[in-house]
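Okay, so here's the structure we're looking at.
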Amino acid sequence: MRIRNTTTNQSACSSDNFAIRPRQLTLATTTPLNPLTNTRKAGADFNLTAASGVTAGYTGTPTTDPVKIVDHNTVPIGANTLTGVFSPATGANAVGTFQYLDVGTITLNANAVFDATFTAVDQVTGLVGGVDHGAGGDCIANSASNIASVGFYGCTIGGTALGPLGRFFPDHYEVTATLTGACTPGTGNEFTYMGQPALGVTISIQAMASAGATPLSRYTSGYAPLAEFSVTGDNNGTPFNPLNNRLTPDLPAFQWSSGAYAGPGIYSFDRAINPDGPFDNFRLNITINDADGAQITRLNGIARTGASAVLSPATKIRYGRLRLPNAYGPETGTLIVPARLEFWNGANFVLNSQDNCTNPGGVANYRLDNTLEVNQTDGTILINGAAATILTINPTIANAGLINLSFSPPGPGATGFTDVTALIAVPLPWLLYEWEGADNDFNDNPFARVNFGIYRGNDRIINWREVIR
């Protein structure tokens with residue numbers, strides 16, 4: 001290379017190539033990003049221009065240093081939060097399109113944009129082409145200094161500071177909201193009894209950027225304004241608000257944490273003082289009020305038209321009880337007591353024919369009273385000291401809402417009765433009811449009287465018909 005001193009007009013030849021770099025890159029943007037007046041969706045495109053300060057000759061490609069780019073809390077944004085690249089400069093300037101995948105403002109500190117490759121020819125070390133570049137090369141690595149040190153300048157072209165830029169706000173929200181009933185006999189038939197701690201609830205709300213599926217971790221305390229949101233219950237348009245009045249435990253406090261809210265768990269939809277319902281189209285209603293206008297655009301992984309509120313798929317919530325009806329029959333035949341799983345339909349208790357799940361347990365969970373002797377472990381009733389009948393249960397799990405208590409025939413002449421009580425206060429407290437009619441606490445075990453050989457009629461009459469004229 002031949003160089004000339006313009007002061008003395010003397011020329012000389014160099015035996016080594018070297019770079020003449022711009023002193024500094026001056027940053028600017030033509031995208032309106034004033035933090036007070038220009039908001040922008042997280043992930044939306046904006047541009048950066050790195051001006052070299054020369055009219056020709058600069059063909060480098062600047063890059064960014066995420067450590068020197070800070071958010072609204074002056075915390076470095078970290079890798080992969082600012083995406084995009086500069087195109088190679090065309091003589092004077094390099095321009096790039098970028099996306100900030102979070103919220104708030106960003107500030108590019110000095111040398112956040114830099115070019116460390118334009119002077120690559122000066123960064124070689126050792127003996128190359130007959131020229132000894134020494135151990136450190138012909139410029140100072142990792143330095144953007146424009147002041148010579150021991151005859152060398154920095155290898156890096158540094159950039160000026162720029163910002164704060166923004167405010168960036170959420171592009172949209174994605175919601176997961178599901179309800180899983182305790183009993184799932186088939187599509188559309190799942191249900192949970194009130195007070196039954198088996199209602200599966202999944203709630204997840206995530207603030208997102210527009211580019212891909214990028215959560216916004218800075219959408220939390222320290223950023224403003226945060227959207228307000230709520231989760232309520234809904235049954236055919238009738239709201240349950242606040243929902244926590246009927247849920248145990250309460251849903252977690254409604255606040256953003258790292259751009260998200262999550263309230264999954266197993267809950268109980270509590271019983272009211274008196275039977276109510278049924279809530280056979282019960283849903284979760286998630287509502288978001290965002291001053292920047294961002295809406296919910298995805299529910300349970302499915303894209304949807306943006307809205308400020310969404311409803312989860314439905315489940316059934318029912319006030320239930322287990323009822324044991326009184327039974328009568330001859331002492332010579334098997335006597336079956338059909339225990340009934342019932343729910344309040346708004347006017348009466350009716351058979352819950354969709355219940356194929358409830359299991360009160362075997363004969364040990366039934367107490368027999370008012371007999372001379374009772375064997376509590378195997379269900380045998382003793383009359384006058386001799387085994388009179390044996391209690392069996394088939395099925396022990398409800399079948400279409402019924403559980404059959406079967407008493408074997410005690411035999412000719414073994415007449416009388418026994419009282420049977422289903423001991424469900426521990427395993428199934430949500431199926432207790434006010435059977436005693438005394439304290440109105442709806443916490444009584446169901447019971448019934450089983451009669452053998454009583455009211456069996458006259459053995460000498462086969463059929464009795466009354467003719468009305």
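The values are calculated or read from the model by the stated rules, or taken from the named source; none is laboratory data. The shown structure was predicted, so the numbers you read here are calculated from the model rather than taken from an experiment. All Cβ positions, glycine included, derive from the backbone under ideal geometry; neighbour counts span all protein chains shown.
Below are the figures for this structure:
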{"read-out": "Evaluation of Pro360 against (1) surrounded by 14 or more Cβ atoms within 10 Å (Cβ to Cβ); (2) more than 30 Å from Asn443 (Cβ to Cβ); (3) modelled with pLDDT under 95 (one fails), failing number", "value": "(2)"}
{"read-out": "Considering residues of the stretch 83-96 that are part of a strand (DSSP E or B) and of a type in the set (Gly, Ala, Ser) only, the residue nearest to Gln206 (Cα to Cα)", "value": "Gly84"}
{"read-out": "Any pair with Cβ under 9 angstrom, 6 or more apart, that starts in the stretch 111-125 at a residue that is under 12 Å from Ala141 (Cα atoms) and surrounded by fewer than 22 Cβ atoms within 10 Å (Cβ to Cβ) and ends at one that is β-branched (Val, Ile, Thr) and modelled with pLDDT of 85 or more", "value": "Ala116/Thr63; Ala116/Thr156; Ala116/Ile157; Thr117/Thr61; Thr117/Thr63; Gln123/Thr117"}
{"read-out": "From Ala260, Ala211, Ala227, residue being touching a Pro at 6+ places or on another chain (Cβ under 7 Å) and either in contact (Cβ under 8 Å) with a residue 24 or more places away in the chain or more than 28 Å from Thr39 (Cα to Cα) (or both)", "value": "Ala260"}
{"read-out": "Residue count, the stretch 148-172 (criterion: within 30 Å of Arg283 (Cβ to Cβ) and either part of a strand (DSSP E or B) or out of contact with any Ser or Thr (no Cβ under 8 Å at 6 or more places or on another chain) (or both))", "value": "3"}
{"read-out": "All positions within the stretch 410-467 that are assigned to a strand (DSSP E or B), of a type in the set (Gly, Ala, Ser) and at pLDDT 85 or above", "value": "Ala422, Ala448"}
{"read-out": "Top-ranked residue in the stretch 299-349 [being assigned to a strand (DSSP E or B) and of a type in the set (D, E, K, R); ranked as farthest from Glu434 (Cα to Cα)]", "value": "Arg304"}
{"read-out": "When residues of the stretch 290-314 are limited to those that are farther than 20 Å from Thr39 by Cα and of a type in the set (A, V, I, L, M, F, W, C), the one surrounded by the fewest Cβ atoms within 10 Å (Cβ to Cβ)", "value": "Ile302"}
{"read-out": "Test: residue in the stretch 243-255 that is assigned to a strand (DSSP E or B), closer than 20 Å to Pro197 by Cβ and not charged (D, E, K, R)", "value": "yes"}
{"read-out": "Failed criterion for Gly53 (all others in (1) under 41 Å from the mean Cα position of the chain (by Cα); (2) surrounded by fewer than 15 Cβ atoms within 10 Å (Cβ to Cβ); (3) small (Gly, Ala, Ser); (4) at positive phi hold)", "value": "(1)"}
{"read-out": "Number of the condition not met by Asp355 [criteria: (1) part of a loop (DSSP other than H, G, I, E, B); (2) surrounded by fewer than 18 Cβ atoms within 10 Å (Cβ to Cβ); (3) in the same structural domain as Thr392 (by TED's automatic domain parsing)]", "value": "(2)"}
{"read-out": "Contacts under 6 angstrom Cβ, first residue in the stretch 51-64 being within 15 Å of Arg23 (Cβ to Cβ), partner aromatic (Phe, Trp, Tyr), 6 or more apart", "value": "Ser52/Tyr58; Gly60/Phe118; Pro62/Phe86"}
{"read-out": "Residue, surrounded by the most Cβ atoms within 10 Å (Cβ to Cβ), within the stretch 256-274, restricted to residues that are of a type in the set (A, V, I, L, M) and outside any loop (DSSP other than H, G, I, E, B)", "value": "Ala260"}
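Each row is one residue, and each column tells you yes or no for (1) touching a residue at least 40 places away in the same chain (Cβ under 8 Å); (2) in the same structural domain as Asn285 (by TED's automatic domain parsing); (3) in a strand (DSSP E or B).
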{"residue": "Thr74", "(1), (2), (3)": "no, no, no"}
{"residue": "Phe98", "(1), (2), (3)": "yes, no, yes"}
{"residue": "Ala135", "(1), (2), (3)": "no, no, no"}
{"residue": "Asn142", "(1), (2), (3)": "no, no, no"}
{"residue": "Asn146", "(1), (2), (3)": "yes, no, no"}
{"residue": "Glu174", "(1), (2), (3)": "yes, yes, yes"}
{"residue": "Asn189", "(1), (2), (3)": "yes, yes, no"}
